[in-house]
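Read the structure below first, then the notes.
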Amino acid sequence: MRLYTHLRVFVLLAASVLLASQPAWATKRVALVVGNSNYQNAPLLPNPANDAAAIAATLKGAGFDVVESRLNLASSDMRRALRDFADQARDADVAVVYYAGHGIEIDGTNYLIPTDARLERDTDIYDEAFSLDRILLAIEPARQLRVVIVDACRNNPFADTMKRTVASRAISRGLARVEPAVSNTLIAFAAKAGLTALDGNSTNSPYATALVKYIAKPGLDLRRAFGFVRDDVLQATGNRQEPYVYGSLGGDDVALVPKAEEPAPPPANASSETRRDYELALQVGNKAAMSAFLTQHPDGYYSNLAKLQLNQIDAEDARVTATRKAQEAEQQQARLASEGAQRAEQEKAAAAFKAAEDARIAAERTKQAALEQATEAERKRTASQSSTVAMLSPNGPAPDSARPDNLAPAPPSQTSEGAKVAALNPAAPQEDLAKLVQSELSRVGCFTGSVDGEWNAASRRSLTLFNRHAGTKFDVKLASLDALDAIKLKPARVCPLICEQGYRADGDQCRKITCAEGSFLNEDNECEKRRGKKPVAKRNMDERPSRASRSDRSLRDISEPQADVPRRRQATARPSGGSGQIVCDAYLCRPVRRGCHLDYRGGGGPGGGTGNVEVCN
């Protein structure tokens, strides 16, 4: 009956865990994020691109299935982006559009302006811009929720420069109030209708900064989220900018990111408290702890185990006492023999020693039998817990030998009379439990050490990893049956596979990374293309022309175009001690001789008159 009660409790526990692990019906969420900063015919807006990047990162971090982020869209690109996003929203439950850039309101209709718009006349708005109704049309197919966030209420330069074709046509500052025609639709403006928004002095605008803070909070209703955004923007701008939201939702909370469901607490186990008390007394391991446990829990399965442990402790105390008395009797016998005492006294001492030795051997046997009984009972207890969990798995029920009712004591080992009994050293119960926990942690990928039953730092780290990835809070200082039961309920890997440098995780294995020819494995464990060495030009001294040949070639190049001038040879050396002057005639130039000088006699020089003449004294 007790076994049936335990099995029923564990079946309920496993059923609750399996039901809690089933995923809720998934909600598909898609988003389009547009940031227009680089306008071709208007001043640059510094923040929309930064705001769009921040919102896109927030939605991706919130687990959106699709986040399309587009920057600086021209008219054709914006039209294509809206068309493609309409296809994404057709089978989605939640659709969100965020736009940051220039916007304008004409005759009560709001328009979003692409980067290549000119808007020279007011009627150009119909051809070059996109009305807010076009955005609402793209997200209308979403089944549950539609949200449009327009951060386009800045002071628009097109409104001041465009020509009015009709004098009565109204062009206002900011954007106009709008009421969505489709239910469960919200339209959020960065500023109230007719007012402009501030771009801010930091990387992001005040409105985008507040959106990033609140829009993706799990479980936070959208109406409250936009209310918090309003409060933050008013505070940041000194009440100069007030965001506004149009549209309505139902009475239930509608969060853009649903709140994480907390797993249902497992049903209370009737014997869990008793088991924890027993394990604590077992770790203390003395007579006082076991007696205290029996006082608190006098009956039941764990009280029988405690009595066996108490018998083991008593047997060990009796063995120690008998061993001490045998040693004292042996010492007394040796002392009498050394002192030459009478034969009767020596025979009496020998008899006392034999009786003490017999008592010691009997105590050894009793201690061994008690140890075997306690060890076998603890083994069956551990096997009982494991088999109960195994019955819930496809492996089938546990054998009858593993049930806790079969607590038949193991027979004591036979020893020869008078021989010393070898001490039995089976594995301690806590060590067996540690081995089971280590084995299961290894199965779910959290333990990589050897399964040796030693609950060391590596084992504690592995249980810490399991707590982190499984959401549990087991005490890592010791191995417990609660932790073992929870780990056994995990059908597959829990801790992520971590591979060494040069290996990549592939399922449950680490596979070596092989880079293609011409690439190498960098420090980020990725293949990187090897850069080729740039060729270095070297001067070939053998092929370099000599100075004389260069001089001849230079003279030749100079003289060749002048066909009417006779070729002259250039002197390449100046005699030592000359005046440093050069005299030329129709055929060559030479240094002026020592003791001579040049005298100009008129004319154009060689070939055209007297020119300079060398005069020697």
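The values are calculated or read from the model by the stated rules, or taken from the named source; none is laboratory data. As the structure is a computational prediction, the values presented were derived from the model and not from experiment. Quick reminder, even Gly has a Cβ in these numbers, built from the backbone with ideal geometry, and neighbours come from all protein chains shown. Heavy atoms of the whole protein, side chains included, go into the accessibility calculation; ligands, DNA and RNA do not. Shrake-Rupley method; radii C 1.70, N 1.55, O 1.52, S 1.80 Å.
Odds and ends about this structure:
- Expressed as a whole percent, the proportion of Cα-Cα pairs in region 174-294 lying more than 19 Å apart is 64%.
- Amide proton proximity set for VAL97, modelled H, under 5 Å, gap of 5+: LEU32, VAL147, VAL148, ILE149
- Here the average projected area of the convex hull drawn through the C-alpha atoms of region 174-239 stands at 5.1 nm².
- DSSP bridge pairs, region 95-199: antiparallel proportion in percent, nearest 5: 40
- Amide H contacts under 5 Å for TYR503: ILE513, restricted to partners 5 or more places along the chain or on a different chain, H placed in the peptide plane at 1.01 Å from N.
- Using heavy atoms of the protein chains and a probe of 1.4 Å, the accessible area assigned to THR165 is about 80 Å².
- Gain on full stretching of the segment that runs from ALA81 to THR203 - 0.36 nm per residue minus C-alpha separation: 41.4 nm
- Fully extending the segment from ASP314 to SER519 would add 66.6 nm, taking 0.36 nm per residue of separation and subtracting the current Cα-Cα distance.
- Amide H contacts of VAL613 (H built 1.01 Å from N, under 5 Å, at least 5 apart or other chain): ASP599, TYR600, ARG601
- Per-residue ³J(HN,Hα) for region 448-456, Karplus 6.51 cos²θ - 1.76 cosθ + 1.60, θ = phi - 60°, Hz, x for Gly and Pro: 10, x, 7, 7, 10, x, 8, 7, 9
- Backbone HN-Hα couplings from phi across region 72-80 [Karplus 6.51/-1.76/1.60, Hz, Gly and Pro as x]: 6, 8, 6, 4, 5, 5, 5, 5, 5
- Simple label model, 7 Å out from Cα along Cβ direction - ARG164 to GLU140, nm: 3.3
- Remark: for residue pairs LYS60/LYS529; LYS28/LYS217; LYS473/LYS512, the C-alpha separation exceeds 27 Å in LYS60/LYS529; LYS473/LYS512.
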